[in-house]
Amino acid sequence: MTALPRPTGRAKNLVLFLVLSAGIATGITIFSSASTVVEWLETATSGLFLPILLSVIITFLLDPLVQLFERLQISRTTSIFAVYAILLIVCFSLLTLIGPPNWRSMLDALRADFPRYIARILEYLNNLLASAHTQFPYLENYDISGKVRQWTQEFLGLILLETPRSAMRIGSLFLLVPLFSFFFLRDSRRFMRNLISLTPNRYFEMVLDIYDHVSWQLAHFIRGRIVEAMIIGVVVWLGLSLTDIRYAPLLGAIAGVTNLVPYIGPIVGMVPGLVIALVDLGVGPQFWWILCVYLLIAQLILDNFILIPILISRVSNLHPLWVILAIVMGGKLYGVLGMIIGVPIASVIKISVIEIRHYRSSFNSAREILTNQRE
Amino acid sequence: MNPLWSNIFRKPGYEGTLAYFLGTIPTFATLGRRDLVFLESIIHLRNYNPGETVFSEGDIGSGMYIIRSGRVRIEMKDEQGVSQVQADLEAGDFFGEIALTTPRPRIATATATEQTVLVGLFRADLLDAIRKHPAMASKILLGLTRVLSERLQHAGLRLREQSYAHLKSVQEDQA
């Protein structure tokens, strides 16, 4: 009689063991297949980040123009085509008037000049180190100039390697970006409406209202940021072309793009221009003018006193700590591109949170009004 | 007309469309077919189960509802906090139109009493329309204003009648 429970106990153990191992096996299978699925997704979407980002930017820029046409009782699709046609004509006439920008020779020249600039920086650094060594002998162990040289050689190799590949990528951008922005312009409203209509009846009105507020603020902010970067870029370009400096358009573009990152961006955007000016022109009136263009005209007068107060509301101001965090996290995720767009994305999140909080507080005050009325 | 031609020119099933339905609502009665099609693109269709709350007293209102099908009960709480039925609305009726122009708390509770389809027109969409299609939006707003001012006049007349009746009864009492 006592022997009977033991086999059942064993059977139970066996069943438990089987169930456990089956569970673990299923878990591992699901996990590994999930990770392969995630890998597939990553591979499939890896090239899409930049075109989608550019398309979103273009969508935000073109939307007011499309609305202008829509006001003339033209359908949205036709309006988008009209805007595209006008842009095409403008680009074409600019190309025929000014001539195509000589990107290729500019890139070749830059490739030839780049080592020269680096060499000059190294020379300068070595001089600095030599004087430092006499004062602080224990610095001898640090090979700073060697590190810089190694880093620049790696960077140069990367540029040489990436140029043909990026040429192909730029070609695909010219195809994908107009296509994506067309559909974003035409269908984004319908898409968002469909998404919002999924919310339960009870919260529908609130979600619709909050979405309206947030999207209005966001469109304002993103458009403001883009226009600000463009104006800064053009002003730096014009200011620099008054001097003998080379690559003025490129430096303008760098200044414009880096201007998207507050605090740190303008300084980083200034460095290449100043290095080129130092190496090619030396310290003289032209160098001081270039510094003046970067610091005084572009940053202080234009950006701080004119553009930011007009284009960007104070709501989007981020604490410097958040700026640094956003840059670091963005850099981890998407490299240099992530560093640049990390801060605007952080601002977007902040604006959304503030709008939702604002809506909730007005919701509560409305309740108070009603209860006061009843009393 | 030749049946062949009439078949070609007739838009089949327009009577069943949402645009046609919107045209039968007094608020939008003066709108043309083109405006109604535009209106159709900015409204939301919502389905409600019997007993489901559309909005409660004190919610922030952001728009009006038109009943496409089904029934909606409007209730208000009196001084003791007991809810009193104000109206039973059916297909073609609309409610909540005050909230369309100003964000005010709802003064009544609306509940669907059967399977109901509501057409919602909300402030966010109307403001968007004012920015993008000012001509059409002003037609819609004009229709709304007409209905609201008719109601205001009606309410004013009723108030005056009541105050006259009250005055009369006071005078009779004095006499």
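Here, each number is a calculation from the coordinates, and none is a lab measurement. Owing to the predicted nature of the structure, the values given are computational and were not obtained by experimental measurement. We place every Cβ from the backbone using ideal geometry, glycine too, and count neighbours over all the protein chains shown.
Helix B:33-42 versus the longest principal axis of chain B: what is the Cα-based angle in degrees, 0 to 90, to the nearest 10?
Once rounded, the angle reads 70 degrees.
Rounded to the nearest 0.05, what FRET efficiency do A:F155 and A:L333 give with R0 = 30 Å and r taken as the Cβ-Cβ distance? Could you check?
Working: r = 21 Å, r/R0 = 0.70.
Computed FRET efficiency for A:F155 and A:L333 comes out at 0.90.
Among B:D93, B:D125, B:D78, determine the one that fluctuates most according to a GNM of chain B built with springs between C-alpha atoms less than 10 Å apart.
Residue with maximal mean-square fluctuation among B:D93, B:D125, B:D78: B:D78.
Would you mind listing how long region A:59-101 runs along its three principal axes, going by Cα atoms, in whole Å with the largest first?
36, 18, 13
Could you work out the relative contact order of region B:13-174, using alpha carbon pairs under 8 angstrom and six or more residues apart, expressed as a whole percent?
Details: 268 pairs, mean separation 44.7, N = 162.
Result for region B:13-174 is 28 percent.
For region A:199-365, report the translational diffusion coefficient in µm²/s to the nearest whole number, using Stokes-Einstein at 37 °C, 0.692 mPa s, and a Kirkwood Rh over Cα pairs. Please list the in-between numbers first.
Working: Rh = 17.5 Å.
Rounded to a whole number, D works out at 187 µm²/s.
Please average, across the residues of B:55-61, the number of beta carbons from any other chain that are within 10 Å of each residue's own beta carbon, and give a whole number. Provide the component values of the computation, followed by the final result.
Numbers: counts 4, 1, 3, 8, 7, 11, 3.
That works out to 5 on average.
Summing Lys, Arg as +1 and Asp, Glu as -1, what charge do residues with Cβ under 11 Å from the Cβ of B:R68 carry, B:R68 excluded?
Working: positive: B:R46; negative: B:E90, B:D93.
After counting each charged neighbour, the total is -1.
Mind giving me the nanometre distance, one decimal, between the label points for A:K147 and A:H133, set 7 Å out from Cα along Cα→Cβ?
Label at A:K147, label at A:H133, 1.7 nm between them.
Tell me which residues come under 5 Å, amide H to amide H, from B:F55 once H is placed; ignore anything under 5 positions away on its chain.
B:A110
Can you list the residues of region B:96-126 with backbone N under 19 Å from a point 7 Å past the Cα of B:V82, pointing along Cα to Cβ?
B:109, by backbone N distance to the label point.
Mind checking the log10 I(q)/I(0) for region B:49-175 at q = 0.14, 0.18, 0.22 Å⁻¹? Debye, one equal scatterer per Cα, no solvent, two decimals.
-0.76, -1.06, -1.30
How many nm separate the modelled label positions at B:D93 and B:S149, each set 7 Å beyond the Cα in the direction of the Cβ?
My value for the distance between the label points is 2.6 nm.
For the pair B:S169 and A:T43, how long in nm is the line joining their label points, each one 7 Å along Cα→Cβ?
Distance between label points: 8.6 nm.
Among the chymotrypsin sites (Phe, Trp or Tyr not before Pro) in region A:196-279, which ones are in a DSSP loop with at most 16 other Cβ atoms within 10 Å of the Cβ? Mind listing them? Present the calculation step by step, with values, prior to reporting the outcome.
Working: sites: A:Y203, A:F204, A:Y211, A:W216, A:F221, A:W237, A:Y247, A:Y263; in loops: A:Y247, A:Y263.
Taking region A:196-279 and a limit of 16 other Cβ atoms within 10 Å, the loop chymotrypsin sites (Phe, Trp or Tyr not before Pro) found are A:Y263.
If you average the C-alpha positions of region A:201-267 and of region B:39-103 separately, how far apart do those two centres end up, in angstrom?
43
Once both axes come from the Cα atoms, what is the angle between helix B:123-132 and the longest principal axis of chain B, in degrees from 0 to 90, rounded to 10?
50
Using the eigenvalues of the Cα gyration tensor, what equivalent ellipsoid semi-axes result for the protein assembly as shown when each is taken as the square root of five times the eigenvalue, whole Å, largest first?
Numbers: eigenvalues 714, 278, 156 Å².
In descending order, the three semi-axes are 60, 37, 28 Å.
Rg and Dmax of region A:301-357 over Cα atoms: what are they, in angstrom?
Computed over the Cα atoms of region A:301-357, radius of gyration and Dmax are 12.5, 34 Å.
Once the Cα gyration tensor of region A:186-278 is diagonalised, what are the square roots of 5 times its eigenvalues, in whole Å and ordered largest first, as equivalent ellipsoid semi-axes?
Details: eigenvalues 377, 30, 17 Å².
Here the semi-axes work out to 43, 12, 9 Å.
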